[in-house]
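Notes to accompany the following structure.
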Amino acid sequence: MKKLLISTLLLTGSLFAQSAQEIIQDNGCLACHAVASKKAAPAFAGIGRRNKRFEGANAKEVIMASIKNGSQGKYPRFSDSAMPAFANLTQEQLSTVADYILSQSSKARGMGKGGGMGRGQGMGMGMGGGM
Ligand code: HEC
């Protein structure tokens with residue numbers, strides 16, 4: 001009995017509380033994006049900051065729409081490439097990821113040169129909430 005209960009909890013837990021990091025990993029976002037450094041695409045931290053500054057209260061919606069529909073030409077330095085559309089993500093997943101990206105905006109500065117973030121480990125639990 002107990003075992004059944006526990007595995008049920010684990011199962012529902014993973015269904016309902018898919019973390020932003022899991023969504024980002026499962027969908028291959030990290031092939032182009034990094035959290036705090038530039039790769040083939042702007043860092044999530046910079047995206048969060050830019051959208052907060054320019055979109056204000058709409059920042060979250062703009063980010064969700066860009067992930068869902070794709071984006072091109074907003075970030076001049078990346079004008080050679082484009083953000084593909086991820087129409088497969090649910091509204092809830094988009095929301096989770098957008099919150100996560102916005103929560104990274106404070107990390108845009110000071111993390112530039114590869115310090116700080118071990119691969120994988122640092123990203124897992126640590127980054128989300130702790131300030
Ligand atoms: C093929 C490379 C690639 C992949 C994969 C990719 N992106 Fe992007 N992304 C880009 C590029 C390039 C831009 C810059 C687009 C622009 O200049 O408008 C971008 C921009 C963005 C933006 C900013 C949009 C805005 O309105 O400010 C967000 C948010 C974003 N990506 C999230 C994601 C997420 C989440 C995933 C995974 C589900 C993902 N990206 C996967 C290349 C990629």
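Determine, from the Cβ-Cβ distance of Y75 and E22 and an R0 of 41 Å, the FRET efficiency 1/(1 + (r/R0)^6), rounded to the nearest 0.05.
Working: r = 25 Å, r/R0 = 0.62.
After rounding, the FRET efficiency stands at 0.95.
Which order do the peptides 30-43, 67-80, 93-106 take when ranked by the mean count of other beta-carbon atoms within 10 Å per residue, highest first?
Numbers: 30-43: 17.2, 67-80: 13.3, 93-106: 20.1.
My ranking of the peptides, most packed first, is 93-106, 30-43, 67-80.
With an 8 Å Cα cut-off and a minimum separation of 6 or more residues, compute the relative contact order for segment 19-111 in percent.
On the way: 120 pairs, mean separation 33.5, N = 93.
Once normalised by length, the contact order is 36 percent.
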When a footprinting reagent is the concern and you count Cβ atoms within 10 Å, what order do F54, F44 take, fewest first? F54, F44
Can you tell me the mean projection area, over all orientations, of the convex hull of segment 19-111's alpha carbons? Units nm², please. 5.4 nm²
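Read the figures in this text as sums done on the coordinates, not as results from a lab. Here the structure is a predicted model, which means the values were calculated and not measured. Heads up, the Cβs are rebuilt from the backbone with ideal geometry, glycines too, and the neighbour counts pull from every protein chain shown.
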